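The values are calculated or read from the model by the stated rules, or taken from the named source; none is laboratory data. These numbers were taken from a predicted model, which means no experiment stands behind them. Cβ atoms come from the backbone with ideal geometry, glycine included; neighbour counts cover every protein chain shown. Surface areas here come from the heavy atoms of the whole protein model, side chains and all, with no ligands, DNA or RNA. Shrake-Rupley method; radii C 1.70, N 1.55, O 1.52, S 1.80 Å.
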Amino acid sequence: MDNQCKLLGPFALVVQGAMGGLAVLSLVYKRYKEEPRRPVIVWTFDVSKQVLGASGIHAMNLFLAILSSTKEEDAPTNPCNWYFLNILLDTTIGVPMLWFFLSMISKGVESLRIPGTRSGDYGNPPQFNWFLRQAVMYFLGLSCMKFTVYVMLIVMPFWDDLAEFLLAWTKGHERTEVSFVMLVFPLIMNMIQYYLVDSIIKSHDKKVVFRRPESLHLDEDVSSLNDGISRFQDEPIDDDAILVDTASERER
């Protein structure tokens, strides 16, 4: 074990922190490019679900990697191999798995008619308790996906041989191995995953129909106000754009 990488060493912890911060930047870029642009509070709630879920899954991956590497005393497995495999599967086949489990959970919760459980819809104005409900649902979906991936790794042992082959070029260079396994590879894969998952969990039932007038005085004529709020905007919207739930409008 002396020549194997250490997932909880000082260098590894610094690398993990840098990876998490850089991966979130992909969501900042996505918001900058999206149209219409979500208001800051809605975007923050959407991103927070991913950050909280990713933190929990990251802790699970570390625990499972260390546990799996010490389960056989005679032939210990390199923990970096298992962490690499978890990232690889989480960010590839794990994305459609997550979509499936979230869909099943959403349908189950909708049948109970619990308000505030439709992903990406936090009310008007956005409510923190609705965010918490959706965060719990999201983490439950992630946990189901993680359990499925772990079962795959256990029942199909050839995965460890695959990781050993793919990481052979880093053997004997602990910092290179840790940097690649815990920074370079997960950074690239997590940025792609965050980008895709954000498209899954954000609301698709909202659109921008007007922008708040830049200057609004109480003594303004009512007709001027009506003209201002009925004007559609073709260009990218500002952060203070007003979102209207089109699904709710259809129900009226």
| field | Criterion (at pLDDT 80 or above, surrounded by fewer than 16 Cβ atoms within 10 Å (Cβ to Cβ) and not hydroxyl-bearing (S, T, Y)) met by exactly one of K49, K33 | value | K33
| Residues of the stretch 119-140 satisfying the condition of being closer than 17 Å to P39 by Cβ, surrounded by fewer than 18 Cβ atoms within 10 Å (Cβ to Cβ) and not hydrophobic (A, V, I, L, M, F, W, C) | G123, N124, P125, P126, Q127
| note | Within the stretch 111-157, restricting to residues that are hydroxyl-bearing (S, T, Y) and in a helix (DSSP H, G or I), the one that is nearest to the chain's Cα centre (by Cα) is Y138
| message | Just checking, does the stretch 170-181 include any residue being open to solvent by 10 Å² or more (accessible area, probe 1.4 Å), farther than 26 Å from P96 by Cα and among the aromatic types (F, W, Y)? | response | no
| Name the residues in the stretch 163-195 that are touching a residue at least 24 places away in the same chain (Cβ under 8 Å), under 18 Å from the mean Cα position of the chain (by Cα) and closer than 11 Å to L88 by Cα, would you? | F185, P186, M189, N190, Q193
| Those residues of the stretch 158-198 which are of a type in the set (G, A, S), at negative phi and not in a helix (DSSP H, G or I), in sequence order | none
| query | Going through the stretch 141-162 one residue at a time, which ones are closer than 15 Å to L88 by Cβ, surrounded by 17 or more Cβ atoms within 10 Å (Cβ to Cβ) and hydrophobic (A, V, I, L, M, F, W, C)? | reply | M145, V149, L153, W159
| remark: The residue that is nearest to the chain's Cα centre (by Cα), considering only those in the stretch 13-30 that are open to solvent by 20 Å² or more (accessible area, probe 1.4 Å) and small (G, A, S), is G20
